[in-house]
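The values are calculated or read from the model by the stated rules, or taken from the named source; none is laboratory data. Everything numeric here is computed off the predicted structure, so don't read it as measured data. Heads up, the Cβs are rebuilt from the backbone with ideal geometry, glycines too, and the neighbour counts pull from every protein chain shown. Ligands, DNA and RNA are excluded from the accessible area calculation, which covers all protein heavy atoms including side chains. Shrake-Rupley method; radii C 1.70, N 1.55, O 1.52, S 1.80 Å.
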Amino acid sequence: MPTPILNAPTPGQRKLELLRQHFPQAVETDAQGRIRINAGALQLAIDPSNPAGIQVEEDGYELRWVGKREAYHSAFLPVQKIIAPLPDDSKHWDATGNLLMRGDNLDALRLLRHSYFGKVKLIYIDPPYNTQSDAFIYRDDFSARQSEVLAQLGYTADNIDYIKNIYGARTHSGWLSFMYPRLLLAKDLLRDDGVIFISIDDNEQAQLKLLCDEVFGQENFVASIAWKKRSSPDARDTIGSVHDWILCYTKDSEKVKTAISKMPLSAQRVDAYVNPDLDERGDWASVDMTGMTGRATKDQYFSITLPSGRTIKPPEGRSWGLAEKTFLELRADNRIWFGLKGDNVPRIKRFLSESDGQVVPSLWDMSDAGSNDEAKKEVNEMMECPDVFDTPKPTRLIERMLTIATRKDDASIVLDFFAGSGTTGHAVLAQNAEDGGNRQFILVQIPQPIDPKKQKEAHRFVTETLGKPDATIFEITAERLRRAGAKIEAEQAEKVKTAALQPAQLEGFSPEAEAGSAPPATVDTGFRVFDLVDDPDALILQKPLQHASQADVLALQAAIATPQPAQLPRILYNLLLAENLPLTTPLRTVIDQQMYVAANVAFVVRALPLDLLTDTLRALQQEAAPPAYLTVYAPWIADDNFMLGIKTVAETLGYSEDKLRLRG
């Protein structure tokens, strides 16, 4: 039903809501609750290449740095990479929903945006902290083409030179230009009830907070969590830091209650539940029944006769925290505790079986979320190599995020595009094994070289133990996932074995007891690996026209139009992205080298007789889940008659014009 006219939002409110939805960085709220529209931010979001379109000079509160416009522009450049499937480096390729990508995460995010827009429930990233201890090196290449782009974006010659210099420097401006486009793309990937957690230290925490306020909207800020990562400070410091920050934002503050839930009770909190009156509902804890007077109503000032016979009123300066009617209902249900002697001020009983957990605190201690030392020990023992990775995060830290921001019965996608040692993927596998969940991970890691002198153990591990010719961090990421999965598989197998042996060994065994014990849930411990590689066709097309020769054009035509069987897997998986399908979607061969099906899309990659195509599509339409779309990879179709005839075939079989697509 339409909203009653008296309750309907005004046109101005509707417009403001649209601005908040599409341009959160342009809507600001001051301390008095007044709305301010940042025209400059709006101009940048709509048309960053036309800075002269709106010129507004005024005092305001915003984060500025030289290179910001270029950083925004770089987020939405046409993708210059394509994906190449690597089944031999993967695990359980045909059965997994997990994904590992090798390459620059900016390229990966641009590609993932096609298929995973608005589908990711949780993002955790541990980006470079921009300190001297970081092994990460910013891109330091700067092409003539980029200088042209900067000039088009309105930068002066002096600013262009400055931006060139910050490409390889550890400056706040360089770091912000690095993070800005990645966060813009990450926001697009989040579900409406999605959450992002970002680890950072004091060096960039202030800048990151302002940047996230702009990208996600300051109203979507949840908390700055302090994580105690070590037990004692470095003796060399004046004031030794023992913590990192974890910034937390939601995609939509209106959905924060569904985005972040309470966390399970700690062991200490559980121990506080007792059952001194032997209540059949089990252990309980008592909570204060008094309330503040400022908000109390008159029916919260009543007298209570205790079981001992003594009559009391609320303590001086307090009221009861509930109305008399509610109190009498709880008392009748044995939910009021008066003490063992029945003479205490009444308290309300809260049963452990009814608890929905505890509020997430903003301080995470090592006892609950792990520590740096625990993380290093964990990864070193799993890899059977000392010092294999310098700065891993503990799995318990990520598991806490999974517990409060995902649910086991929801096929949540968890993304980490600074994968490092692979802690996030390991934590997803471990959490699924613990609670039977079916979360899926997407990890992205650049193949960052490992220094053979500074990181001797890690270099030796990759080249000698793993036998890889190129020692990169990516190989450590992938190997940890393999070993973590193998460990979980072994543990699951042992549980199944124990469950099978246990009934025969137990006295008083009954079939009913056996039927009630379910076997451990099967955990998806696999992952598909994709490499981000150059698209030679795109690189040729990006060559300035004045620099292109006739030979370039002819080579481009030949490269595009000549079917190459070895490139077929690459073509098919890039078609998945083109059709907005997850990269873990199973591909089924219908006619080898010619026709395939993935989810609700039928792919035709080579010409085939039209009568065979018609009969094949008719057979597919009889299946339980028939293809709704027909996609043709045009570059490999040299038969003009086929291209003319396929439209007629599609119309005959009920495919509307928008369901027939040409790609390539």
Review point. Relative to a virtual label point 7 Å from the Cα of residue 299 in the Cα→beta-carbon direction, which members of the stretch 315-358 show backbone nitrogen distances below 13 Å?
Key: 322-329
Exercise for review: Could you check how much of the accessible area of the stretch 548-663 is carbon and sulfur, as a whole percent, using a 1.4 Å probe?
Suggested key: 54 percent
Check your understanding: Say the cut-off is 22 Å between C-alpha atoms; which of 187/376; 376/408; 229/454; 255/325; 251/408 go over it?
Key -> 187/376; 376/408; 229/454; 255/325
Review point. Quick one: if you stick a label point 7 Å off each Cα along the C-beta vector at residue 231 and residue 651, how many nm between them?
Key: 7.8 nm
Point to revise | residue 131-residue 660 FRET efficiency (beta carbon distance; Förster radius 51 Å; 0.05 resolution) | key: 0.40
Practice item. Sketch the reach of a paramagnetic label on residue 279 as a point 7 Å from Cα along Cα-to-Cβ, and name the residues of the stretch 315-359 whose backbone nitrogen lies under 14 Å away. Key: 329-340, 346-356
Check your understanding: For residue 396, what accessible area in Å² do you get when you roll a 1.4 Å probe over the heavy atoms of the protein chains, rounding to the nearest 10?
Key -> 80 Å²
Check your understanding: At residue 495 and residue 390, where each label point lies 7 Å from the Cα along Cα→Cβ, what is the point-to-point distance in nanometres?
Key -> 3.7 nm
Review point. Once the Cβ-Cβ distance between residue 92 and residue 367 is put in as r, and R0 is 41 Å, what FRET efficiency do you end up with, to the nearest 0.05?
Key: 0.70
Practice item. State the Cα centre-to-centre distance between the stretch 308-349 and the stretch 583-629 in whole Å. Key: 70 Å
Revision key, fill the gap. Once amide hydrogens are built 1.01 Å from N within the peptide plane, the residues lying 5 or more places from residue 290 or on another chain with amide H under 5 Å from its amide H are 321
**Study point:** Computed magnitude of the charge dipole of the stretch 221-322 (debye, nearest 20; Cβ of K, R +1, Cβ of D, E -1)
**Key:** 320 debye
Revision key, fill the gap. Flagged as over-length at 23 Å C-alpha distance, from 119/647; 228/262; 121/497; 313/341, the pairs are 119/647; 121/497
Check your understanding: Within the stretch 374-448, which GluC sites (Glu not before Pro) sit in a loop by DSSP and count at most 16 neighbouring Cβ atoms inside 10 Å?
Key -> 384
Practice item. For the stretch 369-408, give the percent of accessible area contributed by carbon and sulfur heavy atoms, probe 1.4 Å, rounded to a whole number. Key: 44 percent
Review point. Roughly to the nearest percent, how much of the accessible area of the stretch 167-234 is carbon and sulfur, given a 1.4 Å probe?
Key: 44 percent
Review point. With every protein chain present, what is the per residue accessible area of the stretch 304-402 (1.4 Å probe, Å²)?
Key: 54 Å²
